[in-house]
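The values are calculated or read from the model by the stated rules, or taken from the named source; none is laboratory data. This one's a predicted model, so the numbers in the text were calculated from it and none came from an experiment. Cβ: placed from backbone, ideal geometry, glycine included. Neighbour counts: every protein chain shown. Only protein heavy atoms, including side chains, enter the accessible area calculation; ligands, DNA and RNA are left aside. Shrake-Rupley method; radii C 1.70, N 1.55, O 1.52, S 1.80 Å.
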Amino acid sequence: MEDLKFYFLLLSLWLAFTLLLRSLTSNRRRLPPGPLPYPIIGHLPLIDPLPHRSLHRLSASYGPVLRLRLGSSPLIVVNSPSAARDVFKTHDLTFSDRPRSYASLRYAYGSPGFAFGPYGPYWRFMKRLCVSELLGARTLDALRPIRQEERLRLVALLRNARETINVSEELHKASNNGIIRMVTGMGDGGGVDEVRALVKGVAETIGTLNLSDFVWVLRGVDVRGIKRRIDGVFRRFDEVLERIIGRKEEEWRRGGGGGLGRAKDLLDILLEVAGDEKAEFKLTRENIKGFVLDIFTAGSDTTAAVLEWALSELINNPTIQHKAQQELDSVVGKHRLVEESDIPNLPYLQSIVKETLRLHPPAPISHRIATRDAKILDYDVPADTIVFVNMWSLHRDPDNWVDPLEFRPERFEDRAVEEKQKNLLHYAPFGGGRRGCPGALLGLDVLHMTLASLVQCFEWKVVGGGWIWRRGWG
């Protein structure tokens, strides 16, 4: 009982000191407005499982920039393009780091990592490697046959179906299989299913709100067993990655280099860089495994989710679907399947993809952290403050878009207007600044080709509450 009283006294003193410190600092700083926080847990109860929507609702009451607390961690939420420009452009370097969690550090093998790592020499080296080699046009072109195989397999599966198929599940399977095979060079069979299951485990655990990351009194406490789940997924994934890298190293010993007559996959390139004595950074085995996990996590379900939204919007807007089919009939015809060379001649299909990305961005919140004191609009942002840029809000701002909640691909038919919206950050589906998504080129390629094939080959509609399709051609 005495111990309990002692801890209660400490907690009371800490709360009093925090409130006093806040009142003193607020006299010198102009902080954004926000609701009163709950003791200890801050504003966590106000954030629901779809945080971009709850933050959007809060902005209606407190304005385009609002201040919250995630437990003991200060948070500023940006909901307007003008405020986002300060994060992505004006003070891009100041907001070039991402907040880190137990999951992000664990999956990065305790090293700085890339996806959540601090901005610095190692991060810049990996970003250049991504742009020039790993996710550059030349590598993606060489690995196109893998993406083609997964697309054809998906179309054949749907065309030959004799029973109900979970289309959402098949979209995610095709997307994940493509990423896994491009990264590791795995064939159609063994290993892909196991990796896909582990990728799902990583995505689920890294996206789970872990209270011990934010509430200081819970640091070191495994709330709801989340850390145990993360450690379990990490150990199983590490075993799989060791087997994959071991097979790669055996190929190198037998063939004298990566590839062995096939296109080099991303892991081949990483191993080449690791063996390059002249490279700016010496990649360790842990660096390679952590980066592979980053690619798997970032590219696993995001593309499939956007495809699922696109089909949902076309089902709800049959006129738009028929217009896209007419464009495909005119450009491609009815006797062959759409090819990548057709995409530049399918502007309406491209507009459908852009409108889907506007309404349903793959990463609705962009996470940053201030490395030093800065300003967003006229508000002060102290160093070490977490910043959420709510892309979902930017894309739905009625001041920037006519009928923002309406699915209307025609709004993207004017390329000059589209470029203006991008420059003003009214439209930024892949984030902004130096930490914008390096895999945007790959994501757009898969989105265009898969959606074009599904629209060309099937007519999508709802019967009895489920998706059904009528066999087409192609």
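For region 378-388, a residue qualifies if it is closer than 12 Å to Leu31 by Cβ and among the aliphatic types (A, V, I, L, M), and exactly one does: Val381. Scanning region 395-416 for residues that are within 22 Å of Val338 (Cβ to Cβ) and open to solvent by 30 Å² or more (accessible area, probe 1.4 Å) gives Glu410, Glu413, Arg415.
For region 252-263, which residues satisfy the criterion of being at pLDDT 75 or above and surrounded by fewer than 14 Cβ atoms within 10 Å (Cβ to Cβ)? Once the filter is applied, which keeps residues that are at pLDDT 75 or above and surrounded by fewer than 14 Cβ atoms within 10 Å (Cβ to Cβ), region 252-263 yields Arg253, Arg254. A single member of Ala108, Ala137 is under 25 Å from Gly232 (Cβ atoms), of a type in the set (A, V, I, L, M, F, W, C) and under 21 Å from the mean Cα position of the chain (by Cα), and it is Ala108.
When the criteria are applied in full, Lys173 meets the requirement of being more than 30 Å from Ala279 (Cα to Cα) and at pLDDT 90 or above. For region 417-435, the candidate set comprises residues that are surrounded by fewer than 18 Cβ atoms within 10 Å (Cβ to Cβ) and touching a residue at least 60 places away in the same chain (Cβ under 8 Å); within that set, the residue that is nearest to Gly120 (Cα to Cα) is Arg434. Residues that are closer than 30 Å to Asp384 by Cβ, in contact with a Phe, Trp or Tyr (Cβ under 7 Å, 6 or more places away or on another chain) and modelled with pLDDT of 90 or more do not occur anywhere in region 127-148. Look at Tyr119 and say whether it is open to solvent by less than 70 Å² (accessible area, probe 1.4 Å) and closer than 25 Å to Gly246 by Cα. Answer is no for this residue. Evaluate the following for Val167: is it closer than 23 Å to Val455 by Cβ and β-branched (Val, Ile, Thr)? In short, yes.
Mind telling me which of the residues Arg28, Arg22 ends up being modelled with pLDDT under 90, open to solvent by 60 Å² or more (accessible area, probe 1.4 Å), in contact with an Asp or Glu (Cβ under 9 Å, 6 or more places away or on another chain) and more than 30 Å from Ile206 (Cα to Cα)? Exactly one of Arg28, Arg22 is modelled with pLDDT under 90, open to solvent by 60 Å² or more (accessible area, probe 1.4 Å), in contact with an Asp or Glu (Cβ under 9 Å, 6 or more places away or on another chain) and more than 30 Å from Ile206 (Cα to Cα), namely Arg28.
Yes or no, residue by residue, for (1) under 20 Å from Arg138 (Cβ atoms); (2) open to solvent by 50 Å² or more (accessible area, probe 1.4 Å); (3) in contact with a Pro (Cβ under 6 Å, 6 or more places away or on another chain):
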residue	(1), (2), (3)
Leu218	no, no, no
Val221	no, yes, no
Arg228	no, yes, no
Glu239	no, yes, no
Glu250	no, yes, no
Glu272	yes, yes, no
Asp276	yes, yes, no
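Let's see how each residue does on (1) out of contact with any strand residue (DSSP E or B) (no Cβ under 9 Å at 6 or more places or on another chain); (2) in a loop (DSSP other than H, G, I, E, B); (3) closer than 20 Å to Val155 by Cβ; (4) aliphatic (A, V, I, L, M):
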site: Leu283; (1), (2), (3), (4): yes, yes, no, yes
site: Glu286; (1), (2), (3), (4): yes, no, no, no
site: Gly290; (1), (2), (3), (4): yes, no, no, no
site: Leu307; (1), (2), (3), (4): yes, no, yes, yes
site: Gln321; (1), (2), (3), (4): no, no, yes, no
site: Leu328; (1), (2), (3), (4): yes, no, yes, yes
site: Pro344; (1), (2), (3), (4): yes, no, no, no
site: Tyr348; (1), (2), (3), (4): yes, no, no, no
site: Glu355; (1), (2), (3), (4): yes, no, no, no
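Looking only at residues of region 436-454 that are assigned to a helix (DSSP H, G or I) and not aliphatic (A, V, I, L, M), we find that the one that is surrounded by the fewest Cβ atoms within 10 Å (Cβ to Cβ) is Asp445. Checking every residue in region 362-374 against the condition of being closer than 30 Å to Leu454 by Cβ, within 20 Å of the chain's Cα centre (by Cα) and of a type in the set (Lys, Arg) gives zero matches. Of all residues in region 367-407, those being among the hydrophobic types (A, V, I, L, M, F, W, C), part of a loop (DSSP other than H, G, I, E, B) and closer than 14 Å to Asp97 by Cβ number 2.
Working carefully through the options Asp403, Asp414, find the one that is on the phi > 0 side of the Ramachandran plot and of a type in the set (Asp, Glu). Of Asp403, Asp414, the one residue that is on the phi > 0 side of the Ramachandran plot and of a type in the set (Asp, Glu) is Asp403.
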